[in-house]
Amino acid sequence: MKKTERIAWVVVVSALVVWNVSGRDGADGGGKPDRSGAAAAGSSGRHRAGQPLVGKTSERARRGAPEGEISARTGSIRSRSLNALRSADPVARMSAFLQVLSSCDATGLGQVEEAMEELKAAGIPLAGEEELMHFRAGQLNGAGLLADRTGKAEDFAELANVRRQYEGWIQSDPQAAGRWLDGLPTGRFRDQMAVAYITASTKDDPLGAFDLVATLHPSQQAVAGGQVAASATTEDAAALLWTLEANAGTGGPYLETMFTALAGKVAEGNDPAAVSLIEEHLDQPFVSDSALSLVSAAKAKFDPQGALHWAVEMETRKADRVNHGQVVSTVIEALSLEGLETAESWAAAQPDADALLRAIERRKEKLQDRQGGENKYDRDD
């Protein structure tokens, strides 16, 4: 991917995040999403190839306005869209396009789409901008665009755009978006939309998101469940793990993935309390060797000697899951130079002291060689 393309993609992602944060605070429903009830009614207008992103309500509003006013308003949006999208600078193009999207209503969005189709027909790639347009369409008219989307062949043909529209709708009206999801028939289409809903609601309601994960097909549960675990706070993760264990008889397919995702979060956060939470579940069959390695690396950051003792204990308790020396090696590789000094004293008193001391020495040499030379390649690169 070219540098300018990477910059443009960062702007796209940043824009979606900004819209998500600002829109959630101002959503009509407020609070946590409510998924109870039947699908929201909404207007029946929806997007199809060659048709504008305008609902019937917006069309009626256009017919009720003076013709000259409509022409001036929509013509201005169309020309502004063309000017923005023709910019050769990806950052300037995205910035100007975001201003257009933020200032127009559902009727104006149809003019944005016309401008984009004209430029795409001329061979100008606008993938990132098109995603933003569909996200904005969902914000403005999610109920109308998705009212009769139920998982038909044509829905799958436009799945990427439909998902973006749904994400926009979740951001602007999570309760109505949740009710629509509840009304979908079980199947691949509902699962795709549910994953989008889980991603959006995990931070505010991890346990509710987990309940939704449990309704997915097993092929979708691992990835979605991992997102829930990685986004949960330590307190929520504790409740989540106890719930997982209670449901292990029927909800096992994603249990190991979720636990490993939580272990990864622990490793990144350097949180002793979270490490203790992991340790409470170590005797469970869903604890993988990957999870053990991640937690051992986390412990090494704040308690080198304790981490080494822990690694030896885990290799004994989990001999059926990890090879001898595997977790200990992970700890050694995570230690700083200062931690390695502590590790040397500890290793000298162990039965396999020679092998441990050699591993520690190799790690020390690696770190010492790199001191002051972070910009240079070494034999390990």
Taking the criterion of being buried (at least 22 other Cβ atoms within 10 Å of the Cβ) and part of a helix (DSSP H, G or I), would at least one residue in the range 115-122 satisfy it? yes
I'm told A348 meets every condition in (1) at pLDDT 80 or above; (2) open to solvent by less than 10 Å² (accessible area, probe 1.4 Å) except one. Can you identify the failing condition by its number? (2)
It is to be established whether one or more residues within the range 318-330 are part of a loop (DSSP other than H, G, I, E, B) and β-branched (V, I, T). yes
Would you confirm whether any residue within the range 195-202 is open to solvent by 10 Å² or more (accessible area, probe 1.4 Å), modelled with pLDDT under 80 and aliphatic (A, V, I, L, M)? no
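The values are calculated or read from the model by the stated rules, or taken from the named source; none is laboratory data. Just so it is clear, the model here is predicted, and its values are computed rather than measured. A quick note on method: Cβ atoms are made from the backbone with ideal geometry, for glycine too, and the neighbour counts reach across all protein chains shown. With ligands, DNA and RNA removed, areas are computed over all heavy atoms of the protein, side chains included. Shrake-Rupley method; radii C 1.70, N 1.55, O 1.52, S 1.80 Å.
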